[in-house]
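Here's the structure, in structure tokens; my notes come after.
The values are calculated or read from the model by the stated rules, or taken from the named source; none is laboratory data. Fair warning: this is a prediction, and the values are worked out from it, not measured in the lab. When we count neighbours, we look across all protein chains shown, and the Cβ atoms used for this are built from the backbone with ideal geometry, even at glycine. These area figures cover heavy atoms from the full protein model, side chains too; ligands, DNA and RNA do not enter into them. Shrake-Rupley method; radii C 1.70, N 1.55, O 1.52, S 1.80 Å.
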Amino acid sequence: MSQNLAKKQAGEKAAQYVESGMTVGLGTGSTTAFAIAALGRRIREEGLLIRGIPTSSSAELEARAQGVPICTFDDIEGRLDIAVDGADEVSPVLDLIKGRGAAHTREKLVASQADRFIVLVDTSKLVKQLGTKMPVPIEVIPMAAPVVLRTLKAMGAAAALRLGLRKDGPVVSDQGFWIIDAQFGPIGDPAALSRTLLEIPGVLDHGLFVGLATEVIVGTDTGVEVLVRKP
């Protein structure tokens, strides 16, 4: 299976859900970039009238490049109609691990404010249990990093500060915070772990998205499968 083709299929399917007049949360990452490109094409070719709230500086740059009008929460009243974003892992009940792009705090805010949160993945992101492949990204204030690392290791996690590529030092989020990646292994109760992590002083947020996704679009070479969260 071509991963890029699968991502493109998922992204273009998500763009079909968007209608004129909607305000759309725009996620971060390579899969969502295909959705943003498809929205830009619909704006140019169909006259689609939408506004987008990006989840990162990267998503904002992508949206502007594709001609998608940008707004903020100051510019709207009420909730978003739809948010689209990728994921690093998706469980059978559609819980997620996100944050490989270090944008999970803003992504979670946007997802929580959307009537529909549509997640775009290829089949490699489907797992039987969260934590099977990916660590949980945890965004922390820099001063707290040593304390949070010690706390996570006491919880049994293999935890490390995420370092930048082609730069010296840690990855820095759009908030100016650092990212710790914590590998817990298969996570039996994501909701309980989510609560525990949020109680650690110095933690801003983490990459466990529990109960937020309404649909997951799984792209393949030949089309898509849409998974819907059970009520």
TODO: Could you check, for the stretch 84-91, whether at least one of its residues is in contact with a strand residue (DSSP E or B) (Cβ under 6 Å, 6 or more places away or on another chain) and polar (S, T, N, Q)?
DONE: no
Open item on the list: Suppose we filter the stretch 89-130 for residues that are closer than 21 Å to S56 by Cα, open to solvent by 20 Å² or more (accessible area, probe 1.4 Å) and either assigned to a loop (DSSP other than H, G, I, E, B) or not hydroxyl-bearing (S, T, Y) (or both); how many remain?
Closed with: 8
Task: Any pair with Cβ under 6 angstrom, 6 or more apart, that starts in the stretch 212-231 at a residue that is closer than 11 Å to L94 by Cα and assigned to a loop (DSSP other than H, G, I, E, B) and ends at one that is among the polar types (S, T, N, Q) and at pLDDT 95 or above - done: R229/T214
Task: Count - residues of the stretch 195-209 that are open to solvent by 20 Å² or more (accessible area, probe 1.4 Å) and assigned to a loop (DSSP other than H, G, I, E, B) - done: 3
Task: Counted residues, the stretch 134-178 - those being in a loop (DSSP other than H, G, I, E, B), without any contact (Cβ under 8 Å) to a residue 40 or more places away in the chain and surrounded by fewer than 15 Cβ atoms within 10 Å (Cβ to Cβ) - done: 8
- [ ] Find the residue count for the stretch 184-209, including only residues that are in contact (Cβ under 8 Å) with a residue 60 or more places away in the chain and within 18 Å of A103 (Cβ to Cβ).
- [x] 8
TODO: Can you give me the number of residues within the stretch 179-194 that are open to solvent by 50 Å² or more (accessible area, probe 1.4 Å) and either assigned to a loop (DSSP other than H, G, I, E, B) or closer than 19 Å to E107 by Cβ (or both)?
DONE: 4
TODO: Looking only at the stretch 110-128, decide whether some residue is over 21 Å from K7 (Cβ atoms) and within 14 Å of the chain's Cα centre (by Cα).
DONE: yes
